[in-house]
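Colleague: Questions regarding the structure given below will be posed in turn.
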Amino acid sequence: MKWFSKIVLSCALASLAVVSVRTKSVGSESADVSPATFGAVCDGRRDDGAAFQAALDFVAQRGGGSVLLPAATCFIDRTLVVGDRTTIRGSGPLSILVRGNTSSVGPLYQGPTNCETNVGFTGRALFMNSRYNCGNRGIILSSFAIDGSRVTDVPLSVLIAFSAIADTHIDSLSIVGAAQDAIFFKNGGVNTSITNTTIDGFNMRWGNGAGIHIEMWANANLPTDPATPVLISNNRIVVRGPNFCTGGPASENLRKPCDGDAQCASGKCGDGAVYAINAGKPGGASSPGPGAAVIISNNQVELTNRHYGIGSFFSAYTQIEGNRIAAIKSATAWSGLSTGIVCTGNTQAAVLGNAIVNRSARWNLAMLEIRGYTSAFEIGNNSITAGSGSHGLVIGACGDGRTSGGIVHNNLVSMPGIVGTVFRPIVLRNATNITLTDNVTSPSVPVALQCPPAT
C-alpha cells in the first residue's frame with residue numbers, strides 16, 4: 001500500500017522587525033508596520049479596528065509585508081480583511097486581540113470563476129482574506145492570542161474565515177472562547193497549515209462546527225490537492241462547549257444550551273456535530289468538487305459533552321496519526337459522552353498510532369469508527385483504552401455502502417467496562433475483505449460481525 005509521505009512544515013519566522021523598516025521585494029516594496037502608527041491605542045476598551053485595518057491596507061497597497069502587534073490587549077469590533085503576502089505577528093500571549101460582538105461586512109466573491117463580484121458577507125469574523133472564494137496567497141498569522149468570548153450572536157461568527165488560499169499558515173496562536181468555529185479554511189487551500197496553536201473553547205454558543213474546520217465547496221477556488229494536503233499538527237484543542245438543542249423552534253435549534261433531552265422542545269439535546277478537527281464535504285459524496293486532503297498529526301484533543309475528536313468525511317486523502325484524544329470533566333451531566341475518531345467515505349485513509357481515552361463514548365458510535373470505504377485503508381498501532389458504553393473499533397456501517405479492502409493491525413482495544421454488555425472491542429459491519437492481524441483486545445472476545453453483506 002502506498003501512502004503519501006508526510007509533509008514537514010518548515011517555516012523560518014523572521015526576527016521581530018523594527019516598526020516602519022521597509023525591505024525590497026520582487027516587483028514591489030514591502031512594509032513592516034505597527035497598528036499604533038495608524039492610531040491604535042490597545043487599552044482593551046476602545047475599538048482599534050479601524051487602525052488595524054488601515055495598517056493592513058497600507059501593507060496590501062505595497063505588495064505585502066508585516067503588521068507587528070504590540071504586547072497589549074487590543075479591542076477589535078469589526079472584521080479585519082487581510083490581503084496577499086501579509087504576515088500578522090505578535091509577541092506571543094502578550095499580544096491579545098479581543099473580538100467584539102458588532103457585525104460588519106467582509107468580502108465574499110461570486111461569479112462563474114468565483115472572482116467576478118464582491119457581494120459582501122455580514123458577520124462577526126475577526127479575520128477574512130480579501131478575495132474570499134476567489135483567492136489569496138501568502139497570509140501568515142503567528143504568535144498572538146485571540147479572545148472570542150465577547151461575541152454573543154450566532155451564527156456567522158467564525159473567528160478566522162479563509163477561503164481559496166495558498167501558501168497560508170497559522171502558527172502559534174492561542175484562541176479562547178470562540179462562539180462558533182475558531183478556524184475555518186474553505187476548500188483547504190494549497191500549501192496551507194495550522195500548527196502549534198491552542199484552541200480552548202469553541203462553539204460556545206452554536207451547536208455545529210469545529211475548532212479547526214476544513215470544508216470543501218464548489219463555489220470557491222484553490223481546493224486541496226492529495227499531493228499537498230493541509231497540515232494540521234501539534235495543536236491543543238479543548239472541546240468544552242455545552243450541549244445544544246437540535247431541532248425545534250429556531251430560537252432553540254443549535255442555540256439553546258441544554259443538559260438533557262427534557263430541556264428541549266424537540267426532545268433532543270446534544271445531537272449536533274461539534275468536532276475538535278473536521279474535514280469534509282457538506283452534502284457528502286454527491287456534493288460537487290473534490291474532497292479534502294489532510295494530514296492531522298500529533299494533536300492533543302480534550303473532549304466533553306457528546307462532542308467528537310477528529311472527523312473526516314468524503315475526503316480525497318486522510319492521514320490521522322499520532323493524536324491523543326481524551327474525555328475531560330465538565331459541569332454537565334453528560335460530561336463523559338464523547339467520541340474519538342470518525343471517518344466516512346474517504347478515498348484513502350491511514351489512521352495510525354493514535355491514543356483514544358474515553359470514560360464513555362456515545363452509545364450509537366464507537367471510539368474509533370471507519371465506514372463507507374470502497375478502497376484500501378489502514379488502521380494500525382492505535383490505542384483505545386478506558387472506554388465503556390459503546391463499541392471500541394468499528395469497521396463499516398449497517399445500511400451504508402460496503403466497506404472493503406482494509407488492513408487493521410497492531411491495535412490495542414482495552415475496554416473492561418463493556419464486560420457483560422452488548423458492546424465489543426472490534427466490530428465489522430457490512431464489511432468484506434478486511435485483514436485483521438495482531439490486534440489485542442480486552443475483554444478477549446472474537447470480532448463481532450453485524451449486518452453481514454449480502455453474497
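The values are calculated or read from the model by the stated rules, or taken from the named source; none is laboratory data. Quantities reported herein were computed from a predicted structural model and do not represent experimental measurements. For neighbour counting, all protein chains shown are included, and Cβ atoms are generated from backbone atoms with ideal geometry for every residue, glycine included. Accessible surface is based on the protein model in full, side chains and every heavy atom, while ligands, DNA and RNA are left aside. Shrake-Rupley method; radii C 1.70, N 1.55, O 1.52, S 1.80 Å.
Colleague: Sort through Asn187, Asn191 and tell me the only one that's farther than 15 Å from Phe313 by Cα, at pLDDT 95 or above and not charged (D, E, K, R). Don't jump to the end; show me each part of the working.
Modeller: On the way: Asn187 fails: farther than 15 Å from Phe313 by Cα.
Residue meeting the stated conditions: Asn191.
Colleague: How many of the residues in region 99-130 are under 24 Å from Asp43 (Cβ atoms) and open to solvent by less than 40 Å² (accessible area, probe 1.4 Å)?
Modeller: Of the residues in that region, 7 qualify.
Colleague: Which one of the conditions (1) farther than 23 Å from Val190 by Cα; (2) in contact with a Ser or Thr (Cβ under 7 Å, 6 or more places away or on another chain) does Tyr317 fail to meet, given that it meets all the rest?
Modeller: (1)
Colleague: Could you say which residue among Thr403, Thr421, Thr441, Thr374 is at pLDDT below 90, β-branched (Val, Ile, Thr) and over 30 Å from Lys281 (Cβ atoms)?
Modeller: One residue alone meets the criteria, Thr421.
Colleague: Would you check which residues across region 131-148 are surrounded by fewer than 20 Cβ atoms within 10 Å (Cβ to Cβ) and touching a helix residue (DSSP H, G or I) at 6+ places or on another chain (Cβ under 7 Å) and list them?
Modeller: none
Colleague: To continue, here is another question. Being open to solvent by 60 Å² or more (accessible area, probe 1.4 Å), assigned to a loop (DSSP other than H, G, I, E, B) and within 24 Å of Leu303 (Cβ to Cβ) is the filter here, so list the residues in region 242-262 that pass it.
Modeller: Answer for region 242-262, where residues must be open to solvent by 60 Å² or more (accessible area, probe 1.4 Å), assigned to a loop (DSSP other than H, G, I, E, B) and within 24 Å of Leu303 (Cβ to Cβ): Arg255, Lys256.
Colleague: When only residues in region 267-294 that are open to solvent by less than 30 Å² (accessible area, probe 1.4 Å) and modelled with pLDDT under 80 count, which is farthest from the chain's Cα centre (by Cα)?
Modeller: Within region 267-294, the match that is farthest from the chain's Cα centre (by Cα) is Ser287.
Colleague: Counting only residues that are modelled with pLDDT under 95, of a type outside the set (Val, Ile, Thr) and either open to solvent by 60 Å² or more (accessible area, probe 1.4 Å) or in contact with a helix residue (DSSP H, G or I) (Cβ under 9 Å, 6 or more places away or on another chain) (or both), how many does region 14-59 have?
Modeller: The number of residues fulfilling the criteria is 11.
Colleague: Now a separate question. Identify, please: which residue in region 368-386 is buried (at least 22 other Cβ atoms within 10 Å of the Cβ) and either among the aromatic types (Phe, Trp, Tyr) or in contact (Cβ under 8 Å) with a residue 60 or more places away in the chain (or both) and is, among those, nearest to Cys451 (Cα to Cα)?
Modeller: Tyr373
Colleague: Any residue in region 409-424 that is open to solvent by 40 Å² or more (accessible area, probe 1.4 Å) sitting within a Cβ distance under 7 Å of a residue that is charged (D, E, K, R) and in a loop (DSSP other than H, G, I, E, B)? List the pairs, counting only those 6 or more apart or interchain.
Modeller: Asn410/Asp438
Colleague: May I ask you to list pairs of residues, at least six apart or on different chains, whose Cβ atoms are under 9 Å apart, with the first in region 175-191 being over 11 Å from Leu126 (Cβ atoms) and part of a strand (DSSP E or B) and the second being hydroxyl-bearing (Ser, Thr, Tyr) and at pLDDT below 95?
Modeller: Phe185/Thr224; Gly188/Thr224; Val190/Thr224; Val190/Thr228; Asn191/Thr228
Colleague: Consider Ile212 against the criteria (1) open to solvent by 10 Å² or more (accessible area, probe 1.4 Å); (2) within 15 Å of His169 (Cα to Cα): it satisfies all of them except one. Which criterion is unmet?
Modeller: Among (1) open to solvent by 10 Å² or more (accessible area, probe 1.4 Å); (2) within 15 Å of His169 (Cα to Cα), Ile212 violates only (1).
Colleague: Can you tell me how many residues in region 160-192 are at negative phi and in contact with a Cys (Cβ under 8 Å, 6 or more places away or on another chain)?
Modeller: Qualifying residue count for the region: 2.
Colleague: May I ask you to list the residues in region 266-307 that are touching a Ser or Thr at 6+ places or on another chain (Cβ under 9 Å) and without any contact (Cβ under 8 Å) to a residue 24 or more places away in the chain?
Modeller: The answer is Ser266, Lys268.
Colleague: State all residues of region 202-241 that are assigned to a strand (DSSP E or B) and not aliphatic (A, V, I, L, M); if no residue qualifies, say none.
Modeller: Gly209, Gly211, His213, Glu215, Pro223, Asp225, Thr228, Ser233, Arg236
Colleague: Out of the residues in region 27-84 that are under 21 Å from Val105 (Cβ atoms) and of a type in the set (S, T, N, Q), which is farthest from the chain's Cα centre (by Cα)?
Modeller: Top of the filtered list is Gln61.
Colleague: Within region 222-241, take every residue that is within 24 Å of Asn133 (Cα to Cα) and buried (at least 20 other Cβ atoms within 10 Å of the Cβ) and give me the one that is nearest to the chain's Cα centre (by Cα). Give the derivation first.
Modeller: Just the residues of region 222-241 that are within 24 Å of Asn133 (Cα to Cα), to begin with: 222-232.
Imposing the further condition that a residue be buried (at least 20 other Cβ atoms within 10 Å of the Cβ) reduces the set to 222-224, 229-232.
Details: Leu222: 18, Pro223: 16, Thr224: 15, Pro229: 14, Val230: 11, Leu231: 11, Ile232: 8 Å.
This residue is Ile232.
Colleague: Do we find a residue being farther than 30 Å from Ala218 by Cα and open to solvent by less than 50 Å² (accessible area, probe 1.4 Å) anywhere in region 306-322?
Modeller: Within region 306-322, one or more residues are farther than 30 Å from Ala218 by Cα and open to solvent by less than 50 Å² (accessible area, probe 1.4 Å).
Colleague: Checking Ala448 against (1) under 23 Å from Phe313 (Cα atoms); (2) open to solvent by less than 50 Å² (accessible area, probe 1.4 Å), which test does it fail?
Modeller: (1)
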